[in-house]
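Working notes, beginning with the structure itself.
The values are calculated or read from the model by the stated rules, or taken from the named source; none is laboratory data. Bear in mind the structure is a predicted one, so any value in this text is a computation, not a measurement. Note that we place each Cβ from the backbone using ideal geometry, even for glycine, and neighbour counts take in every protein chain shown. Accessible surface areas use protein heavy atoms only, side chains included; no ligands, DNA or RNA. Shrake-Rupley method; radii C 1.70, N 1.55, O 1.52, S 1.80 Å.
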Amino acid sequence: MATVLTLAGDGIGPEIMTQAVAVLEAVNDKFDLGLSLETADIGGIAIDNAGVPLPDETLAKARAADAVLLGAVGGPKWDGIERSIRPERGLLKIRSELGLFANLRVAKLYPQLANASSLKPEIISGLDLLIVRELTGGIYFGEPRGIRTLDNGEQQGYNTMVYKTSEIERIGKVAFDLAQVRAKANGTPAKVCSVDKANVLEVTELWKQTMIKLQQADYSDVDLSHMYADNACMQLVKNPKQFDVMVTGNMFGDILSDEAAMLTGSIGMLPSASLDEHGKGMYEPCHGSAPDIAGQDKANPLATILSVAMMLRYTFKHEASAAAIEQAVSDVLDDGLRTGDIMDADETGLTLVGCKQMGEAVLAKLS
Ligand SMILES: NC(=O)C1=CN([C@@H]2O[C@H](COP(=O)(O)OP(=O)(O)OC[C@H]3O[C@@H](n4cnc5c(N)ncnc54)[C@H](O)[C@@H]3O)[C@@H](O)[C@H]2O)C=CC1
Ligand SMILES: CC(C)CC(=O)C(=O)O
Ligand SMILES: [Mg+2]
């Protein structure tokens, strides 16, 4: 029997997880998937219960599981504690310990939400963009890091952005392979845009050179372009449909994917898969713990529910159940149900719902 470990975490994590788990249980029954679910603590709740953001027991359960579903971690309650044991470090550690180097973030616009975005409908209609973000290296992990006191008594914060050729090659391969798959499925040319800051950062100069060599050696059928990260931020808003697959490092991918989320109407719509070299994955919404709306039944659970679909597709290779969830999400949007983040006050026929009601509506479509 395959196992899924659910890690609700903090803030809105438990609320969105309750809805996502109900959906996972429903498809588990409906498609006879034989999945067994377990839970554990991560993030702030784990600090409260066990003193660390990633207890050994949680990591052991995650290693033993076939897939992990995560809500979100962090919040103001833990912002002041010793930096090395903050909730976010637990998240970085589980990604690193499980070798989840490839973070796939899909910004796909549901046509029903064309008016929810602040961009003009013609700029975003039909948008289906994949950001491939390197997840276990770069500046979020580089050493040395810290805040030190200089000889003159002034403090200095420092981090280190490092990438080895092998790390760049393996994420590049993921991006090129997925570009080929998408091209075949969509009948379009395969294209990858590699985002760097090679004009000022040596580490991303190596990134760019490595992508070029990889493309020349193994992916001559894929069109490879390059863009500086600052321009990429601008181009994403100006003309997002120029991109198909974007590949970039940990920090640039973090920033670009939050930006891309808004093209779909809300960060509450963006799911993600974080994969290791063998297809094992952790699945999570791209957003954080949203302390400003936590505990108020206002969170959009769809990014987490869509992350369940990604889990079924990528780890369990069960396309029918993944597609059923995505269809159910589309159906509730067709019915006009909207959480606050995707509500368009000017559109008629929409109903404002909470997290629970949105999750239950998806569930009803599945049954
Ligand atoms: N993967 C994770 O666990 C992540 C954790 N964080 C942590 O989360 C905490 C809050 O970080 P923020 O920068 O505020 O980012 P955030 O993504 O939690 O929230 C940003 C804004 O988006 C809204 N939002 C986020 N998810 C939503 C949803 N599902 N439905 C409706 N609205 C939603 C929030 O209400 C807020 O206004 C911090 O402690 C941060 O470190 C941040 C990003 C990712
Ligand atoms: C702890 C952060 C790196 C989480 C985050 O913002 C993300 O992965 O998108
Ligand atoms: Mg982020």
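Below is a table of values for the structure above.
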read-out: At 1.567 mPa s and 4 °C, Stokes diffusion of the stretch 136-263 via Kirkwood alpha-carbon radius, µm² per second; value: 82 µm²/s
read-out: Part-to-part distance (alpha-carbon centres) for the stretch 60-99 and the stretch 221-277, which is given in Å; value: 23 Å
read-out: Point-charge dipole on Cβ atoms (K/R +1, D/E -1) for the chain, about Cα centre, debye to 20; value: 580 debye
read-out: Whole-number accessible area per residue in Å² for the chain, which is evaluated in the context of all protein chains at 1.4 Å; value: 43 Å²
read-out: Estimated [θ] at 222 nm from DSSP helical runs (n ≥ 4, -39500 (n - 2.57)) normalised by residues in the chain, nearest 500; value: -13000 deg cm²/dmol
read-out: Surface accessible to a 1.4 Å probe, Glu82 within the full protein complex, Å²; value: 110 Å²
read-out: Normalised convex hull volume, the stretch 35-107, alpha-carbon set, Å³ per residue; value: 113 Å³
read-out: Local net charge near Leu59, Cβ-Cβ under 12 Å (Lys/Arg +1, Asp/Glu -1); value: 0
read-out: Extreme residue, positive dipole direction of the chain, given options Ala320, Gln209, Gly43 (C-beta unit charges); value: Gln209
read-out: Inverse of mean 1/r across different Cα pairs in the chain, Kirkwood, Å; value: 21.1 Å
read-out: Reachable aspartates and glutamates, given that their alpha-carbon falls under 16 Å from the alpha-carbon of Lys365 and they are not under 8 places away in the same chain; value: Glu25, Asp29, Glu326, Asp331, Asp334, Asp335
read-out: Most to least accessible of Met1, Met251 (protein chains only, probe 1.4 Å); value: Met1, Met251
read-out: Selection from Ala179, Leu302, Val21, by position along the positive dipole direction of the chain (Cβ); value: Ala179
read-out: For the chain: relative contact order, % (alpha-carbon pairs under 8 angstrom, 6 or more apart); value: 21 percent
read-out: Entries in Lys30/Lys280; Lys93/Lys164; Lys30/Lys298; Lys184/Lys208; Lys61/Lys108 that, when Cα-Cα distance is taken, lie over 21 Å; value: Lys30/Lys280; Lys30/Lys298; Lys184/Lys208; Lys61/Lys108
read-out: With all protein chains modelled, accessible area of Asp66 [1.4 Å, Å²]; value: 60 Å²
read-out: Protein accessible area in the chain, 1.4 Å probe - carbon and sulfur %; value: 51 percent
read-out: Rounded if a/c under 1.5, otherwise prolate or oblate - the stretch 1-152, Cα gyration tensor axes; value: oblate
read-out: Counting DSSP beta bridges with both ends in the chain, the antiparallel % (nearest 5); value: 40 percent
